[in-house]
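The values are calculated or read from the model by the stated rules, or taken from the named source; none is laboratory data. Quick caveat: nothing in here was measured; it's all calculated off a predicted structure. All Cβ positions, glycine included, derive from the backbone under ideal geometry; neighbour counts span all protein chains shown.
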């Protein structure tokens, strides 16, 4: 008994320890929040998709790895160590992402991108720097092991021209060093022991296999028969990124404080415990990002803020259940124990479905949306495994103190008048249909278009001071590229900053050299100085692939939910419950789509992320209702008779408090993000948070007013049909 009483102090020490670890880290292996790895949309930088030029078909795996090594070497030469270079073996692409340095002054994305893809130049040189043999004469390089010494060596094979040149070079340099260079960077400097003929040579002195393999790969890179070029890339200036980071950090702090105030004011002691648990969960989630150095993007930060709202969901469910037990006359300790027990199935099902949606987003998403999916997934898993346990661990301890073991520190649930959504479902369905009809009409009038992210195309964004002659800029772009362009200008009313957006006609990408030429031309024809702040260039086939993956992700999420509910809610005739839940989700997705139409937001990967998030969030709400219906059906079977419609209305009445409060906490977080995105003009977050806010409100409505009543309609129709057949 006494041991449990002290659990609260152990938990407080544990939370304090994780908080310090999150802030300061612990050595080089455990990095804190200050050493987190931010994406290019925060720090500014480059993301580019490189494709091989001068080769038929998809290059071999060995050739793609060699090309990757070239890029790695060039990034090393520029001291860019914080980067991601990945190979898409199926498509034959190399994806490169790297941020600008924090003190970057020369923002030149065109040069940074074009230099990476140039054909690698491997040379063998004497100590004076004279070129003796070129990489094009190296037929192959491989790692071998000396049978006598057991050491790893790099074996070289030359073509006929290289054989002669290498023999002559080694003859001259016996006893001297022969430098091996990739471009202008020395990658090895072996000593020539004797003249070598026959077209074969070995480089020894390798410390281990990894060192020998790295050198062999680099030598093979210099013998590549193709270069890598890109017309698919995204660049953001370092200034723009730093402003966005400051805004999102402030939004995070405000959102957390508002949620804490809300929880404590509504749930009192359990609210305090849930806030302490929230601090613990946020520490774990930040460490889940900082320790593996997972790249955090702006949508990723939005995912963290959304996780704050969803993290308290489990504690809201539990607190509501505790309040119900207190209403029935249970003591505080008994109410807490029963509250956690009765809430567990809802918490489990809701978190598992949201986690599954997050995994699907991680599989089919890319770049910034991958970051969002990861933060959402870690938040849900941490909430399920750590959050619920920690809150129970502390609450069961603190109520053992007499001062806390009082009913005034808890919120006893009051008797609520039955809400008759199922009974009056015709009016509910009519209202829903009217909202959808109005949204559909406005969307049809405004029209909906796909973003360049899906269709392909080029958008260049500049900052400037002075006056912009949009007609001259259009003509300049057309002169350089032979492509019509549209130009839009805007001004920040708060800061006075002016922005210009140049959108090229057609759905083709643009090369870095052409982009540089456009920037130079529009600056040449005007006294106004235009500074490039963002670039977005996508080839149409890349966009088509992204659109296909997005549609697949949404379809798989819906299918998973039907199957999951079918299995878990057999007492509700699982299939009908699953289909009704998905119908409610379709309602939410349609409303989110209408937001893009009503506010003229081009459909991009933000739509996919919002849709999947709302699917996970809304199904969580629906599962809480289904869980209560399942519970009440079991009670009904052993008690008084009650119509199915009345039972569903009773279940809705019992759970609506939880649904509304969860929606409020999550909506508070998203609304804060939206406000800051509007104030600081963060477009990527605005087009994400506005539809998400509408989706959260819609998700709460559809779970309460659509899913349950629709299921009743299905069941009553089946019942009448079976009666008629008899």
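Scanning the stretch 547-578 for residues that are under 28 Å from residue 42 (Cα atoms), surrounded by fewer than 22 Cβ atoms within 10 Å (Cβ to Cβ) and in contact (Cβ under 8 Å) with a residue 60 or more places away in the chain returns 547, 549, 554. Within the stretch 470-493, take every residue that is under 28 Å from residue 680 (Cβ atoms) and in contact (Cβ under 8 Å) with a residue 12 or more places away in the chain and give me the one that is surrounded by the most Cβ atoms within 10 Å (Cβ to Cβ). The residue in question is 473.
Is the stretch 501-514 home to any residue that is more than 30 Å from residue 626 (Cβ to Cβ) and free of Cβ contacts under 8 Å to residues at least 12 places away in the same chain? No, because not a single residue in the stretch 501-514 is more than 30 Å from residue 626 (Cβ to Cβ) and free of Cβ contacts under 8 Å to residues at least 12 places away in the same chain. Scanning the stretch 442-469 for residues that are surrounded by 15 or more Cβ atoms within 10 Å (Cβ to Cβ) and more than 32 Å from the chain's Cα centre (by Cα) returns 468, 469.
Take the residues in the stretch 685-705 that are farther than 20 Å from residue 254 by Cα and within 19 Å of the chain's Cα centre (by Cα), then tell me which one is surrounded by the most Cβ atoms within 10 Å (Cβ to Cβ). Taking the candidates together, the pick is 691. Per the conditions (1) part of a helix (DSSP H, G or I); (2) modelled with pLDDT of 85 or more; (3) touching a strand residue (DSSP E or B) at 6+ places or on another chain (Cβ under 8 Å); (4) surrounded by fewer than 20 Cβ atoms within 10 Å (Cβ to Cβ), the sole criterion not satisfied by residue 596 is (4). The residues in the stretch 288-303 that are part of a helix (DSSP H, G or I) and either at pLDDT below 75 or surrounded by fewer than 21 Cβ atoms within 10 Å (Cβ to Cβ) (or both) can be counted, and the count is 6. Within the stretch 575-586, is there a residue that is in the same structural domain as residue 347 (by TED's automatic domain parsing), more than 21 Å from the chain's Cα centre (by Cα), under 16 Å from residue 443 (Cβ atoms) and at pLDDT 85 or above? Yes, the stretch 575-586 contains at least one residue that is in the same structural domain as residue 347 (by TED's automatic domain parsing), more than 21 Å from the chain's Cα centre (by Cα), under 16 Å from residue 443 (Cβ atoms) and at pLDDT 85 or above. Among the residues examined, residue 192 does not qualify as crowded, with 19+ Cβ neighbours inside 10 Å and in contact with a helix residue (DSSP H, G or I) (Cβ under 7 Å, 6 or more places away or on another chain). Looking at 37, 43 in this structure, which one is over 27 Å from residue 91 (Cα atoms) and crowded, with 21+ Cβ neighbours inside 10 Å? Answer to the check: 43.
Comparison of 454, 536 shows that the only residue that is in contact with a helix residue (DSSP H, G or I) (Cβ under 7 Å, 6 or more places away or on another chain), within 27 Å of residue 43 (Cα to Cα), at pLDDT below 85 and in a strand (DSSP E or B) is 536. Identify, please: which residue in the stretch 599-632 is at negative phi and not in a helix (DSSP H, G or I) and is, among those, nearest to the chain's Cα centre (by Cα)? Taking the candidates together, the pick is 604. Criterion applied to 198, 175, 129, 162 was being over 47 Å from the mean Cα position of the chain (by Cα) and either buried (at least 19 other Cβ atoms within 10 Å of the Cβ) or part of a helix (DSSP H, G or I) (or both), and the one residue passing it is 162. Listed by position, the helices (runs of 4 or more DSSP H) inside the stretch 1-86 whose residues that are under 25 Å from the mean Cα position of the chain (by Cα) number at least 1 are 7-24, 40-43, 61-77. Of all the residues in the stretch 319-334, those that are more than 34 Å from the chain's Cα centre (by Cα), crowded, with 17+ Cβ neighbours inside 10 Å and closer than 16 Å to residue 658 by Cβ number 5.
Each row is one residue, and each column tells you yes or no for (1) crowded, with 23+ Cβ neighbours inside 10 Å; (2) at pLDDT below 90; (3) within 30 Å of residue 708 (Cβ to Cβ).
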{"position": "374", "(1), (2), (3)": "yes, yes, no"}
{"position": "387", "(1), (2), (3)": "yes, yes, yes"}
{"position": "396", "(1), (2), (3)": "no, no, no"}
{"position": "411", "(1), (2), (3)": "no, yes, yes"}
{"position": "414", "(1), (2), (3)": "no, yes, yes"}
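Scanning the stretch 187-211 for residues that are at positive phi and at pLDDT 85 or above yields 198, 199. The single condition from (1) closer than 20 Å to residue 48 by Cβ; (2) modelled with pLDDT under 85; (3) assigned to a loop (DSSP other than H, G, I, E, B) that residue 496 fails is (1).
Are any of the residues in the stretch 657-666 in a helix (DSSP H, G or I), over 30 Å from the mean Cα position of the chain (by Cα) and modelled with pLDDT of 90 or more? No, the stretch 657-666 contains no residue that is in a helix (DSSP H, G or I), over 30 Å from the mean Cα position of the chain (by Cα) and modelled with pLDDT of 90 or more.
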